[in-house]
Structure formats: structure tokens, C-alpha cells
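Data first, discussion second: the structure below is written as C-alpha cells.
The values are calculated or read from the model by the stated rules, or taken from the named source; none is laboratory data. The model shown is predicted, which means the values in this text are computed figures rather than measured ones. Note that we place each Cβ from the backbone using ideal geometry, even for glycine, and neighbour counts take in every protein chain shown. SASA here: full protein model, heavy atoms, side chains in, ligands and nucleic acids out. Shrake-Rupley method; radii C 1.70, N 1.55, O 1.52, S 1.80 Å.
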Amino acid sequence: MSGSKLNIAVFVGGTSPEREVSKSSGKAIYRAINSLGYKCVLIDPAYGTFQPETDEEFFSSKDFGEITNENLIKTVKSELLDNIDLVFLALHGKCGEDGIIQSLLELKGVKYTGSGVLSSTIAMDKDFSKIIFQKNNVNTPSWFTIDKKFNRDEVVRIINSKFGYPVIIKPNDQGSTIGLSIVKKDEGIFKSIETAFQYSDLTMIEEYIPGREMTVAILEDKPLPVLEIIPKDGFYNYESKYTEGMSEYIVPAEIPNDVFKNLQEQAVKAFRSLRCKIYGRVDFRLNEDNIPYCLEVNTLPGMTSTSLVPKMAKIIGTSFEELIDKIIRYSVDGKK
Ligand SMILES: Nc1ncnc2c1ncn2[C@@H]1O[C@H](COP(=O)(O)OP(=O)(O)O)[C@@H](O)[C@H]1O
Ligand SMILES: [Mg+2]
């Protein structure tokens with residue numbers, strides 16, 4: 001494999017709470033791009049024009065400079081992006097995955113990997129995503145959202161009338177299971193709501209779906225094999241997501257053929273319904289009757305070599321480098 005003369009900048013780090021996760025994705029992506037033979041530089045948009053000099057400084061968990069959202073604008077405006085043909089977004093979370101950096105890059109006229117502005121924004125908003133899923137016959141757990149002026153009695157009343165306990169309480173626009181709780185009865189609910197509000201102005205209260213955890217990657221509009229995640233402590237949280245050995249992954253998932261196909265179909269529908277492009281990952285719960293419930297679409301899913309999307313690609317014979325190469329090629333050729 002040899003890369004063309006494309007100049008690629010990997011955006012890594014960023015300003016969201018998922019900054020550290022982004023560094024892991026960025027490191028793997030940067031290595032792959034180099035081994036593919038493309039010209040490649042690292043840029044941490046959180047730092048503005050004052051960028052680290054060494055790769056180690058980019059990936060270090062110690063901050064190198066001041067981290068501000070204003071630096072995102074400074075970075076994109078600056079000459080750092082002169083002569084760059086494509087930005088590979090290794091960012092996750094707010095101001096990385098949610099359309100904000102995408103819109104700055106659109107204004108600058110620089111191509112970037114993954115979905116466009118609108119899809120990125122909607123996919124980051126779980127409430128809006130679910131409204132669109134329902135409209136497009138993608139099954140999703142029942143839910144409602146509250147803002148900070150919520151009425152306590154009203155919340156308890158809606159839970160009891162809509163779905164009962166347990167419930168999932170999560171920030172409407174956060175990732176990596178940050179700020180998410182499972183609540184088994186009335187007490188504890190307001191503490192969990194408070195936690196969720198630390199990360200978002202809107203909190204989602206969602207019906208708990210007992211069962212299994214499934215995810216499906218989409219590459220250029222086509223589904224990869226379904227992957228099942230089995231968290232060792234029974235709950236797929238931040239720790240079990242990012243600690244080696246805390247989860248078991250089975251790909252292709254050992255489920256009946258029709259259930260497998262249905263999950264893939266639902267994933268493609270969910271992805272298309274938000275008009276996502278290039279690649280992404282759709283998260284599901286699969287209940288005891290094998291009915292899939294779509295939770296969300298991740299437009300910039302984790303991309304370390306052991307992340308879920310690369311695992312699914314590997315099963316169909318696509319190496320990590322080939323996957324990165326495909327994302328690069330589709331993003332350079334494709335229209336948002
Ligand atoms: N309604 C639900 N029922 C059961 N488990 C859930 C539900 N919502 C979330 N979870 C659990 O929390 C994890 C993270 O939720 P998700 O909605 O995908 O948000 P994010 O990954 O953006 O933090 C899921 O992978 C699942 O394990
Ligand atoms: Mg998820």
C-alpha cells in the first residue's frame with residue numbers, strides 16, 4: 001500500500017471531556033496514515049497556533065498549553081491548515097463530533113473525514129436522533145427529556161405512567177457513558193439527574209432495556225458484521241469501555257441469522273435517517289425477544305486499533321490501515 005500525495009492533518013485532543021480518548025484514537029490513526037505513505041501532521045485544535053513540537057507532547061496526558069474553545073477557531077483560521085487536503089478527525093464529543101469543528105472546516109474550505117455538519121449535530125443530540133429514528137421506523141426505547149427547570153413530581157409521574165423502573169438517566173449530548181446512571185427506584189433519581197445536568201442542559205430519561213449490548217459499524221453506507229459487547233461487571237460504562245480486559249467482544253455476534261440481518265438493516269436505516277456519511281457506529285440494546293432498540297449513532301466512533309469499528313472491519317478482512325485508507329479515500333471523493 002502506498003499513499004498518494006495527499007497532505008493530511010490529524011485533529012487530535014480537542015476541548016471535550018473525551019480529550020484523552022481522542023488521543024488514543026489519534027495515535028492509532030496517525031501511525032496508520034504514516035504507514036500508508038501519506039504526508040501527515042498532528043494538530044490539537046484545543047491549543048490554537050501554539051502547537052506541541054513532538055508526537056509525545058501531542059499524546060501526553062499532561063496539557064501542553066491553554067485549552068479553550070476559542071482556540072478551535074484560531075487553529076482552523078491559521079496557516080496550520082494551508083496546503084492541507086484533508087483533516088482526519090480523531091476528535092470525540094462536544095466541539096469535535098457535534099458539527100462545530102465540521103462547520104469551521106466547511107467555512108475554511110478544507111475537507112474532513114466522516115459526516116457533515118447537520119448529521120454530526122443531530123447525531124450528538126440523542127433526543128433529536130430518536131425523534132428521527134421513530135419517524136423512520138427505527139425502534140428506540142421510550143424516553144422523555146427535561147431541562148433544568150423540571151418539576152420533581154411531574155418527572156416521577158411520567159416515569160411511572162410511561163415505563164416504570166429501572167430507568168436510564170443520561171445527558172442528552174454527551175458520549176462515553178459519562179454522566180449516565182441506571183436508577184432502580186424513585187430514590188436516587190434526582191441525584192442522577194443532577195449528575196447528568198453537569199454535562200448537558202438537557203437530561204434524557206429513558207426506558208431501561210434489559211438484554212444484550214450490540215453495535216454495528218457502517219462503512220460507506222454498508223453494514224459491517226454485528227458485534228456483541230459483554231461487559232465483565234454487567235454494565236458498559238466508561239471504565240469497561242476503555243480498560244483492557246473489562247469487556248469481551250464477540251464478532252460476528254452469535255445470534256440467529258434473521259436477528260443479525262435485522263440489526264444490520266436497522267443500523268443502516270438509523271445511519272441514513274440522520275444522513276450520516278462515510279462511516280459511523282450504531283449502538284443497540286437487544287432485548288430477550290431479540291428486538292433491537294437503537295440508542296444512538298456515533299459519527300466519530302473510537303478508532304484505536306482495538307476499538308469496535310476496527311474489530312468489525314477485521315472480520316471481513318479489512319486491516320486497520322485499510323480501514324483508515326478507505327475513510328480517507330471516501331472522504332476526499334465524497335460529497336457531504
Ligand atoms: N435505555 C437503555 N437501556 C439499557 N442500557 C442502556 C440504555 N441506554 C444506555 N444504556 C447503556 O449505557 C451505554 C451508553 O449509552 P449510549 O446511549 O450509547 O450513550 P453514550 O455511548 O453516548 O454515552 C450503552 O452502551 C448501554 O450499555
Ligand atoms: Mg453509545
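The set of residues in segment 189-202 that are among the polar types (S, T, N, Q) and either over 29 Å from ASP289 (Cβ atoms) or within 14 Å of ligand 2 (Cβ to nearest atom) (or both) comprises THR195, GLN198, SER200. Would you confirm, using the coordinates I've provided, whether PRO45 is surrounded by 15 or more Cβ atoms within 10 Å (Cβ to Cβ) and either among the hydroxyl-bearing types (Ser, Thr, Tyr) or over 16 Å from CYS95 (Cβ atoms) (or both)? For PRO45, the condition - surrounded by 15 or more Cβ atoms within 10 Å (Cβ to Cβ) and either among the hydroxyl-bearing types (Ser, Thr, Tyr) or over 16 Å from CYS95 (Cβ atoms) (or both) - is not met.
Out of all the residues in segment 174-188, is one or more in contact (Cβ under 8 Å) with a residue 40 or more places away in the chain, closer than 30 Å to GLU20 by Cβ and more than 16 Å from ligand 2 (Cβ to nearest atom)? Steps first, please.
Of all residues in segment 174-188, those in contact (Cβ under 8 Å) with a residue 40 or more places away in the chain come to 174-178, 180, 182.
Filter again for closer than 30 Å to GLU20 by Cβ, leaving 174-178, 180, 182.
Next, from what is left, pick out any that are more than 16 Å from ligand 2 (Cβ to nearest atom): none.
Checking segment 174-188: not a single residue is in contact (Cβ under 8 Å) with a residue 40 or more places away in the chain, closer than 30 Å to GLU20 by Cβ and more than 16 Å from ligand 2 (Cβ to nearest atom).
Considering each of LYS130, LYS170 in turn, give the residue that is within 16 Å of ligand 2 (Cβ to nearest atom), more than 30 Å from LEU107 (Cβ to Cβ) and buried (at least 17 other Cβ atoms within 10 Å of the Cβ). Write out each step before concluding.
Values: LYS130 fails: more than 30 Å from LEU107 (Cβ to Cβ).
Matching residue, one of LYS130, LYS170: LYS170.
State yes or no: is ASP201 open to solvent by 60 Å² or more (accessible area, probe 1.4 Å), in the same structural domain as LEU286 (by TED's automatic domain parsing) and not hydroxyl-bearing (Ser, Thr, Tyr)? It is false that ASP201 is open to solvent by 60 Å² or more (accessible area, probe 1.4 Å), in the same structural domain as LEU286 (by TED's automatic domain parsing) and not hydroxyl-bearing (Ser, Thr, Tyr).
Only one entry in ILE218, ILE229 is buried (at least 22 other Cβ atoms within 10 Å of the Cβ), within 16 Å of ligand 2 (Cβ to nearest atom), under 21 Å from VAL268 (Cα atoms) and in contact (Cβ under 8 Å) with a residue 40 or more places away in the chain, namely ILE218. Taken together, the residues in segment 263-275 that are away from ligand 1 (no atom under 15 Å from the Cβ) and either open to solvent by 30 Å² or more (accessible area, probe 1.4 Å) or assigned to a loop (DSSP other than H, G, I, E, B) (or both) amount to 5.
Flag not set for ASP98, criterion: open to solvent by 10 Å² or more (accessible area, probe 1.4 Å) and outside any loop (DSSP other than H, G, I, E, B).
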